[in-house]
Structure formats: structure tokens, C-alpha cells
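Okay, so here's the structure we're looking at.
The values are calculated or read from the model by the stated rules, or taken from the named source; none is laboratory data. Here the structure is a predicted model, which is why all the values come from computation and not from measurement. No Cβ is skipped: glycine too gets one built from the backbone with ideal geometry, and neighbour counts run over all protein chains shown.
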Amino acid sequence: MFERAWQPVLSRQAYLRRLAASFGLGGAVLAVSLFAGMIGYRATEGLSWVDSFLNASMLMGGEGPLDHQRGTAGKLFEGFYALYCGLAVISIAGIMFAPVVHRFLHKLHKAHPPADGPHQG
């Protein structure tokens with residue numbers, strides 16, 4: 001997916017397309033994760049769609065859910081969803097910003113090539 005160290009730096013237009021694709025994929029994963037949380041809150045706690053959205057988005061954002069009465073199923077769902085959200089946010093950030101980091105490192109490598117010449121492997 002990304003160019004190799006010996007290949008030229010991607011053009012600005014191609015880079016912006018790659019960045020848009022990464023943000024699109026990250027946004028899609030975020031939307032699916034948020035919707036899964038909303039369904040979980042509706043199924044376990046019977047919350048409205050708006051309250052389900054609010055609680056799921058608060059967990060995805062790292063703030064924690066709003067206070068409401070929870071049953072055992074809701075507590076279990078919320079705990080597992082919170083664990084998932086912690087990993088999902090890190091993964092989504094990695095998906096979205098991988099092209100930025102790659103371009104920076106690729107330009108850095110081109111600016112300071114190794115002393116033994118370009119690497120071909």
C-alpha cells in the first residue's frame with residue numbers, strides 16, 4: 001500500500017487521495033463501532049436511540065457513560081464495550097494518521113540516505 005524507501009515520494013495529489021481514503025476508512029470503523037454501542041445499550045438497557053448514542057459516544061470519546069440505572073447485563077456490556085473502545089480509538093487513530101507518519105518518515109529517509117547507497121530489499 002505504501003511506497004518503499006527507494007521509491008520516490010508520492011505526489012501531493014496522490015498523497016491527499018491516500019489520506020482521504022484513510023480518513024474514510026477510519027470514519028467507517030468509528031461509525032460501525034458507535035452503532036454497535038448504540039445497539040448494545042438499546043438491547044441491554046432499553047435506552048432510547050438518543051440516550052444510546054450519547055452513552056456510546058461518551059465511551060468512544062474516553063469520557064465515560066452518563067449515570068443511569070444499570071442491570072447486570074448492562075454493566076457487563078458497558079465494561080466490555082469500554083475495553084473495546086479503548087483499543088478501537090487507538091486503532092482508528094493509527095488508520096487515519098498512518099499516511100501522515102509514513103510521508104514524514106519517507107521524506108526524512110530521502111533527505112538523509114544511508115551511506116552505503118539506496119536499499120533495494
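For region 55-71, the set of residues classified as more than 14 Å from A82 (Cα to Cα) and surrounded by 10 or more Cβ atoms within 10 Å (Cβ to Cβ) consists of H68, R70, G71, listed by residue number. If the condition is being exposed (fewer than 12 other Cβ atoms within 10 Å of the Cβ) and at pLDDT 95 or above, then region 25-47 contributes A31, V32.
The single residue among L87, L108 that is loosely packed, with under 11 Cβ neighbours inside 10 Å and at pLDDT 90 or above turns out to be L87. Reported count of residues in region 11-59, each being free of Cβ contacts under 8 Å to residues at least 40 places away in the same chain, of a type in the set (S, T, N, Q) and in a helix (DSSP H, G or I), is 5.
Within the bounds of region 48-70, is there any residue that is under 13 Å from the mean Cα position of the chain (by Cα) and within 30 Å of W6 (Cα to Cα)?
no
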